[in-house]
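Comments concern the structure below.
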Amino acid sequence: MEFVKLNNGIAMPILGYGVFQITPGESEHCVRDAITAGYRLIDTAQAYRNEGGVGAAVKGSGLPRDAFFITTNVWNSNAGYERAKVSIDESLRKLQTCYIDLLLIHQPVGDYLGTYQAMEEYYRAGKLRAIGVSNFKPGIFCKFAEQVDIKPMVNQVETHVFWQQRELRGVMAQYGTKLMAWAPLAEGRNYYFTNRTLASIGKRYEKTAAQVALRFLIQNGIIVIPKTVRRERMEENINVFDFHLTDEEMQAISALDRNETLFYWI
Ligand SMILES: NC(=O)c1ccc[n+]([C@@H]2O[C@H](COP(=O)([O-])OP(=O)(O)OC[C@H]3O[C@@H](n4cnc5c(N)ncnc54)[C@H](OP(=O)(O)O)[C@@H]3O)[C@@H](O)[C@H]2O)c1
């Protein structure tokens, strides 16, 4: 596993396992399978209703808590200083842990400055090792980062080969904020898994289009959290550290950028 260093000095795995759209009932065994496949970074959210399954799988793994890097997100209905605090306590309880490695504001909705104030307080108290945001576009991110005391360590946004977030990356670099890609495989949209550029580069290394796409993001220093419920795909998606894309291959994949969302609801 490779790691990135966040702007407060802590190390975060560059690849993890996302659990969006995994039901509460399925989540414990999926996360257990992911841990067996080697994943240590797990990304959940209050809104996914599966923090309990994540907590149970981590606890049941027999590995020490500090072997893991757990990320969760404060949902919109918990925005505001007081509500956010109650919700963080609830997340800690469901995750069966006394600290969360990275807590994000899920979306810039409601009193998110109040939410962040609560997060800064929990961060200073040692209950959060890192804090940040999600779905903050360049303008709102910049305004937010100027207003807060503790600069966000991460911004998690839609990022894949068809939307490479160049403008946002430029803005975030000023604050040392790392980009974490949600939907790094674009949930398979736009014929992702049969894309000719990705597939032909993959042939050279005996890798799939998915592996080439994840490798491209990792070589750009972007944290990725692909989701799958299938064990063989968990293994496929983590098996991206034994090859290296050349500058020419990186450029060919850079050229796939359409600079727009594939998820029109955001
Ligand atoms: N902060 C936010 O607003 C936000 C929004 C969306 C997502 N996220 C986070 O980002 C994570 C990843 O995003 P995502 O789940 O939306 O999409 P994704 O990881 O880009 O794609 C997941 C989809 O691709 C399939 N898949 C996975 N690996 C594959 C492979 N190697 N070959 C073929 N198909 C494969 C999965 O199907 P199977 O499961 O059937 O294998 C699933 O349908 C989420 O789980 C969540 O943690 C955050």
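All of the numbers you see were taken from the coordinates with simple rules; none came from a lab. Bear in mind that the values here come from a model prediction, so they are computed numbers and not experimental data. Neighbour counts are summed over all protein chains in view; Cβ atoms, including those assigned to glycine, are modelled from backbone coordinates with ideal geometry.
For the reader, a short list of remarks on this structure follows.
- Segment 3-254: C-alpha gyration tensor shape, a/c 1.5 cut-off, then a/b vs b/c: oblate
- Dipole magnitude (debye, nearest 20) for the chain, charges at Cβ of Lys, Arg, Asp, Glu: 140 debye
- For the chain, the longest principal axis of the alpha carbon atoms and the long axis of helix 138-147 meet at an angle near 30°.
- Dipole of the chain, positive direction: furthest Cα of VAL148, TYR39, ASN135, with charges on the beta-carbon: TYR39
- Folded to 0 to 90 degrees: helix 81-94 orientation relative to the chain principal axis, Cα: 70 degrees
- The aspartates and glutamates within cross-link reach of LYS127, meaning a Cα-to-Cα straight distance under 12 Å and a gap of 8 or more places when in the same chain, are ASP89, ASP101.
- Average Cα contact separation per residue, the chain, under 8 Å, 6 or more apart, as relative contact order %: 18 percent
- Sorting 26-32, 258-264 by average packing, meaning the other beta carbons within 10 Å per residue, from highest down gives 26-32, 258-264.
- Between the helical axis of 51-60 and the longest alpha-carbon principal axis of the chain there is an angle of about 80 degrees.
- Straight-distance candidates among the aspartates and glutamates for linking to LYS137, with alpha-carbon spacing under 19 Å and chain neighbours fewer than 8 residues away dropped: ASP111, GLU146, GLU158, GLU167, ASP257, GLU260.
- Helical content of the chain, expressed as a calculated mean residue ellipticity at 222 nm, amounts to -12000 deg cm²/dmol (DSSP H runs of 4 or more residues, -39,500 (n - 2.57) each, divided by residue number, nearest 500).
- In this structure, the residue pairs whose Cα-Cα separation is over 27 Å, taken from LYS5/LYS203; LYS178/LYS203; LYS59/LYS207; LYS59/LYS85; LYS5/LYS227, are LYS5/LYS203; LYS178/LYS203; LYS59/LYS207.
- Span from the segment 96-124 Cα centroid across to the segment 26-85 one, whole angstrom: 15 Å
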